[in-house]
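Peer 1: Pasting in a structure now, in structure tokens, and then I'll have a few things to ask.
Throughout, read-outs are computed from the coordinates displayed, never taken from laboratory work. Being a predicted model, the structure only gives us computed values, none of them experimental. Cβ: placed from backbone, ideal geometry, glycine included. Neighbour counts: every protein chain shown.
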Amino acid sequence: MKVSIITVCRNSESVIQTAIQSVLKQDYPDIEYIIVDGDSSDSTVQIIRSYGKQISRFISEKDQGMYFAFNKGVAMASGDVIGILNADDFYSNEKVVSRIVKEFQTKMVDSVYGDLQYVSRDNTEKVFRHWKSQPFEPALFLRGWMPPHPTFFVKRSCYEKYGTFNTVFSISADYELMLRFLYKHKISASYIPEVLVKMRTGGISNMSLKSRIKANKEDRLAWKINGIKPTSFTLILKPLSKLRQFLG
């Protein structure tokens, strides 16, 4: 089983090397690593190019944002399974991809996800939040649940059947995609109760109250454009459910 991993970046010179090395250190042998850069003006491109042929495919050009870049990566991917690792993120250990593949092969599912930790940008040993997920049930979406997107690996055939990231969204396209795949189209999923990815704090959807309000509006739109209705409490519960991530 071939696994494509996509990293998108722009002016990420301070973090991109950690992301790249966490992929290259994986013990799984059949990984296609794709990096899509948004025309960085710092040393990001030079750092990426220093890895030469260890990076399977690399493109650097102006784009219209993160989700446009994700879609470029998906279009380039040839793996059976696709995972997305942002420039700020890194895998928790060198066996993550092997563990993911084993789950796909033994459970015969369309997608796999796990747990995520938010860590300090400057000291990645310092954990701020622990996003512990749970086994998938469609009704969980109605209670404000979603899997941590950086841990979400999905078969490429699901993108081909059900579409890629909707670029109408600027913050919540990952939520909309998982809602569409898991809840609307009912693809199968398996949960690994382990920390698979560590994410540096300061991401686009959790930087400020203003971005959180915008994300909530986009969450509402995600249900609407898919022609499905949440409960009266779904979109209130979604941000509230994050509070327990701070409690360990």
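Peer 1: Which residue, Asn86, Asn226, Asn216, has the most motion in a Gaussian network model of the chain that connects Cα atoms within less than 10 Å?
Peer 2: Fluctuation is largest for Asn226.
Peer 1: Just to be sure I understand: with springs between alpha-carbon atoms less than 10 Å apart, which residue in Arg49, Arg99, Arg121 has the highest mean-square fluctuation in the Gaussian network model of the chain?
Peer 2: For the chain, modelled as a Gaussian network with Cα springs under 10 Å, the answer is Arg49.
Peer 1: Based on alpha-carbon atoms only, what is the radius of gyration of the chain relative to the globular estimate 2.2 N^0.38 Å?
Peer 2: Compactness ratio reported: 0.95.
Peer 1: Just to check, using Stokes-Einstein with a Kirkwood Rh over alpha carbon pairs, what's the diffusion coefficient of the range 62-173 at 37 °C and 0.692 mPa s in µm²/s?
Peer 2: So the translational diffusion coefficient is about 209 µm²/s.
Peer 1: Run through the DSSP bridge list for the chain and note the antiparallel percent, rounded to the nearest 5.
Peer 2: Bridges in the chain are about 30 percent antiparallel.
Peer 1: Counting only helical runs of four or more DSSP H residues, what would the 222 nm mean residue ellipticity of the chain come to if each run contributes -39,500 (n - 2.57) and the total is spread over all its residues?
Peer 2: -8500 deg cm²/dmol
Peer 1: In the P(r) worked out for the range 27-118, what percent of Cα pairs fall beyond 16 Å?
Peer 2: Result for the distance tail: 62 percent.
Peer 1: Here is a further query. So what's the angle, to the nearest 10 degrees on a 0 to 90 scale, between helix 66-76 and the longest Cα principal axis of the chain?
Peer 2: Value to nearest ten degrees: 60.
Peer 1: Let me ask another. For the range 3-247, with the dipole built from +1 on Lys and Arg beta-carbon atoms and -1 on Asp and Glu ones, taken about the Cα centre, which of Asn86, Ser120, His185 lies farthest toward the positive end?
Peer 2: Result: His185.
Peer 1: Please report how far the C-alpha centroid of the range 3-46 lies from that of the range 88-114, rounded to the nearest whole angstrom.
Peer 2: One Cα centre to the other: 18 Å.
Peer 1: Give me the dipole magnitude in Debye, nearest 20, for the chain about the Cα centre, with unit charges on the beta carbon: positive for Lys and Arg, negative for Asp and Glu.
Peer 2: Charge dipole of the chain: 840 debye, to the nearest 20.
Peer 1: Given Cα pairs under 8 Å that are at least 6 residues apart, what percent is the relative contact order of the range 22-82?
Peer 2: 42 percent
Peer 1: Still on this structure, I have one more. Restricting to Cα pairs below 8 Å that are 6+ residues apart, what does the relative contact order work out to for the chain? Please round to a whole percent.
Peer 2: 22 percent
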